[in-house]
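Working notes, beginning with the structure itself.
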Amino acid sequence: MSALHIKKGSTRHSAYNLRPTFSDVEERHTIAVLVENEPGVLARVIGLFSGRGYNIESLTVAEVDHTGHLSRITIVTTGTPQVIEQIKAQLGRIVPVHDVHDLTVEGPAVERELAILKVVGQGDKRVEALRLADIFRANVVDSTLNSFVFEITGAPDKIDAFADLMRPLGLTEIARTGVAALLRGD
Amino acid sequence: MKREMTGAKMVVQALKDQGVDTVFGYPGGAVLPIYDEIFLQNDIRHILVRHEQGAVHAAEGYARSTGKPGVVLVTSGPGATNAVTGITDALMDSIPIIVLTGQVPTFMIGSDAFQEADTVGITRPCTKHNWLVKDTDKLAETIHEAFHVATSGRPGPVLIDIPKDVQFATGTYVPPKPSTSHYQPKVKGDIEEITELVAAIEKAKKPVFYTGGGVINSGPGASQLLRELVDATGFPITSTLMGLGAYPASGANWLGMLGMHGLYEANMAMHDCDLLIAVGARFDDRITGRIDAFSPNSIKAHIDIDPSSINKVIKTDIPIVGDVAHVLEDVLKIWKSRGRKTQAEAVQKWHAQIDEWRKVNCLAYRPSEKTIQPQYALQRLEALTKGHDRYVTTEVGQHQMWAAQFMGFEDPNRWMTSGGLGTMGYGFPASIGVQIAHPEALVINVAGDASWLMNMQEMGTAAQYDLPVKQFILNNERLGMVRQWQELLHGSRYSHSWSESLPDFVKLAEAFGAKGIHCDDPAKLDDAIMEMIEHPGPVIFDCVVEKHANCFPMIPSGKAHNEMLLGDASTEGAIESGGAVLV
């Protein structure tokens, strides 16, 4: 159960021993939250962000421990260091939240996202799309004479780069899962 | 011992097993099975309020004056939505409340059924936690867990939504047992940080304790430890509105309340101190004034059970997460073991400086022989009720600030007011909850005419249970604080801030079978107050006061602690454009 292989009660990120120097520079942080998979828990997390005016760049959630009924929520957010600390402290207050980890602070972390893209076109553009997909290690998961659907996995900026290349080649639709992330090492 | 019973019976059984003796509520279709069970027993007393908001405020008054959680029982839909203001009030002031709401049967949820509302959805942001119970077998353990959550860590309101079919169905009851849930907030503070605080105490030349409602919430032991620490160190102490009574107002080191309408000496001490020890207080905007000019030269220590309070507003140098009583106990232990050191001579000088500030006499007002000044009314109320076993609640506005300034509290749990949310209409139902918990005590609600009207229907409750609550209304025929701000900020254009068509309060009291007293003469005030105290039943005291009095001192919005307005000061241009957007 690698998703839960985070040391319990890690305090590197916590307000328990917090000595921040407040800065106005906005940072992007990836936060992993282990929650009890009970009704409304996602609404609590999202409501916290909207109610207190925090940003959500991406959010993914799924049950990762079926026997313990624990879900893992991965949130990518931006804010000043003070806001990021508040976000973590506020998440920690939610009763069904078991643990909050700032992977950006505790990292390095592996971040991956999956996207599927539909590219419509014929002739040279179609060939070029297939060639670029090969370079990006994207798979073709659906094909007609006029279109491809590509599946690509990677860090968010890799997906951005691939989508940018596909746009002039006939990109019509894209669906992204949002970021899933784990700490590197053991 | 496990037993089979209906969900409705389970509710009553679980409340009994949790030691509940009183429930404040109002029946309706979706809670009828529970009301039926209440009818069939005598252990739990149900107090019928006249509006669900009143039920929650009454439960808050009960909780704050006893230290036990308050319990509310209301129906679905409008019953639940009417309770929302009270629930939010309890969340802002960290008051443990358990709200039980009826819900339409599970098979009708989502169908826009009669009196259906998404109660858990509506109350999610205003409760500490809430539950919708869809299975009778889960009901008992959910109620027990609700008590655990409401009373552990930073206390707060919780809500359990119980569909009607779950109340009718039979399930297995489990009695309470020590909570095994993962929610177990840490109560002991970090010893290294505590030691650092002790070192700062030993070095401080101009220290001040800044205490809040967290001390009261931590229990009477916390107030006791605070008194011991304050008196042993000789450090001056101020408190937020919520924390009054934790340290006695007659205590040698007491500075009075701080903040927007706090005392000059308290705010100046906060501004000039070199060590600020925040205990169970959260640096609310009513306290800090302008953030970038807040106590600029001090080391800031912050003791709080909620990690999110630390560094939320003010950067903390010594953060200590833990329960106030536990942390103060450790502070005392370590400070004593290191030889009880302070910079006694410097602290003496600091007190001399504070005495200079005290000479400003910031609460001075112009007395009058013709009209009752509101400050005078509260001075007399204080003088004539001081010796009594007394509890005071307030509504929200000028009268609330004057009560905090002019009344002294010697013990915790004696002062109930709506601090964070600032809920007009809080005081009257809260006084009912207090009186229910303390039937022999003198319970006074210091009110304004406008606030009091917001929940005046609770006169029915006071009359029904013959609760001798004293409604002391400072009647200026105005929304006094709104009027004051309009004078300061909006060119004295008093837009809708007066009370047209006020009732005759004496007749109103009599209409409910209570006693009404009217007084507009300073010379007759003492006798009138004595008459109120001596009357054995509920009283509405219509105290007609000066209509245009402003509440001073005042830190105008956007200003710092050392930029206070004192009485008789010109209020023209007191708030600059930058501060005007603040509330």
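The values are calculated or read from the model by the stated rules, or taken from the named source; none is laboratory data. Please read all numbers here as calculations on a predicted model, not as lab measurements. All Cβ positions, glycine included, derive from the backbone under ideal geometry; neighbour counts span all protein chains shown. What goes into the accessible areas is simple: the full protein's heavy atoms, side chains included, and nothing from ligands, DNA or RNA. Shrake-Rupley method; radii C 1.70, N 1.55, O 1.52, S 1.80 Å.
Based on this model, can you work out whether B:HIS326 counts as away from chain A (no Cβ under 14 Å) and open to solvent by less than 60 Å² (accessible area, probe 1.4 Å)? If you could, list the steps in order and put the result at the bottom.
Numbers: away from chain A (no Cβ under 14 Å): yes; open to solvent by less than 60 Å² (accessible area, probe 1.4 Å): no.
So B:HIS326 does not fit the description; no.
Among the numbered criteria (1) of a type outside the set (Phe, Trp, Tyr); (2) part of a helix (DSSP H, G or I); (3) open to solvent by 20 Å² or more (accessible area, probe 1.4 Å), which one does B:SER223 miss?
(3)
Any residue in the range A:28-45 that is more than 11 Å from chain B (Cβ to nearest Cβ) sitting within a Cβ distance under 8 Å of a residue that is basic (Lys, Arg)? List the pairs, counting only those 6 or more apart or interchain.
From the range A:28-45, the pairs are A:ILE31/A:LYS88; A:ALA32/A:ARG72; A:VAL33/A:ARG72.
Would you mind finding the one in B:ASP323, B:ASP292 that is under 22 Å from B:GLY243 (Cα atoms) and among the acidic types (Asp, Glu)?
B:ASP323
Within the range A:77-113, can you find the residues that are in a loop (DSSP other than H, G, I, E, B) and within 24 Å of A:GLU38 (Cβ to Cβ)? Lay out the reasoning, then the answer.
The first filter runs over the range A:77-113 and keeps only residues in a loop (DSSP other than H, G, I, E, B), leaving A:80, A:94-96, A:107-108.
Listed by number, the residues that qualify are A:ILE94, A:VAL95, A:PRO96.
Name the strands (runs of 3 or more DSSP E) wholly within the range B:136-213 that hold at least 1 residues that are among the small types (Gly, Ala, Ser) and modelled with pLDDT of 95 or more?
Values: elements: B:157-163, B:170-173, B:207-211.
Of the strands (runs of 3 or more DSSP E) lying wholly inside the range B:136-213, those with at least 1 residues that are among the small types (Gly, Ala, Ser) and modelled with pLDDT of 95 or more span B:170-173.
Scan the range B:264-282 residue by residue and report those that are closer than 24 Å to B:VAL396 by Cβ and open to solvent by 20 Å² or more (accessible area, probe 1.4 Å).
B:TYR264, B:ARG282 - these are the residues of the range B:264-282 that are closer than 24 Å to B:VAL396 by Cβ and open to solvent by 20 Å² or more (accessible area, probe 1.4 Å).
Among the residues of the range B:101-138 satisfying the criterion of being within 14 Å of another protein chain (Cβ to nearest Cβ) and of a type in the set (A, V, I, L, M, F, W, C), which is farthest from B:VAL31 (Cα to Cα)? Outline the logic, then answer.
Let us first name the residues in the range B:101-138 that are within 14 Å of another protein chain (Cβ to nearest Cβ), namely B:103, B:106, B:109-110, B:118-135, B:138.
Now narrow it down to the ones that are of a type in the set (A, V, I, L, M, F, W, C): B:109, B:120, B:122, B:126, B:131-133.
Working: B:ILE109: 15, B:VAL120: 16, B:ILE122: 19, B:CYS126: 22, B:TRP131: 16, B:LEU132: 14, B:VAL133: 14 Å.
Going through the qualifying residues, I end up with B:CYS126.
In this structure, does A:GLY170 turn out to be outside the structural domain of A:ILE31 (by TED's automatic domain parsing) and at pLDDT below 95? First the steps, then the outcome.
Working: outside the structural domain of A:ILE31 (by TED's automatic domain parsing): yes; at pLDDT below 95: no.
The answer is no for A:GLY170.
Are there helices (runs of 4 or more DSSP H) fully within the range B:339-436 with at least 3 residues that are open to solvent by 10 Å² or more (accessible area, probe 1.4 Å) and not assigned by TED's automatic domain parsing to the domain that holds B:VAL539? List them.
B:344-358
Of all residues in the range B:283-323, which are open to solvent by 50 Å² or more (accessible area, probe 1.4 Å), of a type outside the set (Val, Ile, Thr), within 13 Å of another protein chain (Cβ to nearest Cβ) and not in a helix (DSSP H, G or I)?
B:LYS312, B:LYS315, B:ASP317, listed by residue number.
Between B:THR85, B:THR151, which is more than 11 Å from every other protein chain (Cβ to nearest Cβ), open to solvent by 20 Å² or more (accessible area, probe 1.4 Å) and closer than 30 Å to B:GLY189 by Cβ? Break it down into steps so the answer makes sense when it comes.
On the way: B:THR85 fails: closer than 30 Å to B:GLY189 by Cβ.
Exactly one residue qualifies, and that residue is B:THR151.
Can we say B:LEU15 is touching a residue at least 60 places away in the same chain (Cβ under 8 Å), open to solvent by 30 Å² or more (accessible area, probe 1.4 Å) and either part of a helix (DSSP H, G or I) or not assigned by TED's automatic domain parsing to the domain that holds B:LEU421 (or both)?
Numbers: touching a residue at least 60 places away in the same chain (Cβ under 8 Å): yes; open to solvent by 30 Å² or more (accessible area, probe 1.4 Å): no; either part of a helix (DSSP H, G or I) or not assigned by TED's automatic domain parsing to the domain that holds B:LEU421 (or both): yes.
Here the answer is no, as B:LEU15 does not meet what is asked.
Looking at the range A:46-76 only, could you name the residues that are touching a strand residue (DSSP E or B) at 6+ places or on another chain (Cβ under 6 Å), part of a strand (DSSP E or B) and away from chain B (no Cβ under 11 Å)?
A:SER58, A:LEU59, A:THR60, A:VAL61, A:GLU63, A:VAL64, A:SER71, A:ARG72, A:ILE73, A:THR74, A:ILE75, A:VAL76
Can you give me the ranges of the helices (runs of 4 or more DSSP H) entirely in the range B:27-96 with at least 3 residues that are more than 18 Å from B:ALA8 (Cβ to Cβ) and in the same structural domain as B:ALA14 (by TED's automatic domain parsing)?
B:52-66, B:78-92
From the list B:THR123, B:THR101, which residue is assigned to a strand (DSSP E or B), crowded, with 24+ Cβ neighbours inside 10 Å, among the hydroxyl-bearing types (Ser, Thr, Tyr) and in contact (Cβ under 8 Å) with a residue 12 or more places away in the chain? Break it down into steps so the answer makes sense when it comes.
On the way: B:THR123 fails: assigned to a strand (DSSP E or B).
Being assigned to a strand (DSSP E or B), crowded, with 24+ Cβ neighbours inside 10 Å, among the hydroxyl-bearing types (Ser, Thr, Tyr) and in contact (Cβ under 8 Å) with a residue 12 or more places away in the chain holds for just one of B:THR123, B:THR101, which is B:THR101.
Among the residues of the range A:114-136, which ones are part of a loop (DSSP other than H, G, I, E, B) and under 23 Å from A:SER58 (Cα atoms)? I'd like the intermediate steps shown before the answer.
We begin by selecting, within the range A:114-136, every residue part of a loop (DSSP other than H, G, I, E, B); these are A:121-123, A:136.
Selection gives A:PHE136 alone.
Kindly list the number of the only condition in (1) of a type in the set (Phe, Trp, Tyr); (2) modelled with pLDDT under 95; (3) open to solvent by less than 20 Å² (accessible area, probe 1.4 Å) that fails for B:TRP452.
With respect to (1) of a type in the set (Phe, Trp, Tyr); (2) modelled with pLDDT under 95; (3) open to solvent by less than 20 Å² (accessible area, probe 1.4 Å), B:TRP452 is out only on (2).
For the structure I just gave you, tell me whether A:ILE84 is more than 19 Å from A:ASP164 (Cβ to Cβ) and either surrounded by 17 or more Cβ atoms within 10 Å (Cβ to Cβ) or within 14 Å of chain B (Cβ to nearest Cβ) (or both).
Working: more than 19 Å from A:ASP164 (Cβ to Cβ): yes; either surrounded by 17 or more Cβ atoms within 10 Å (Cβ to Cβ) or within 14 Å of chain B (Cβ to nearest Cβ) (or both): yes.
For A:ILE84, the condition - more than 19 Å from A:ASP164 (Cβ to Cβ) and either surrounded by 17 or more Cβ atoms within 10 Å (Cβ to Cβ) or within 14 Å of chain B (Cβ to nearest Cβ) (or both) - is met.
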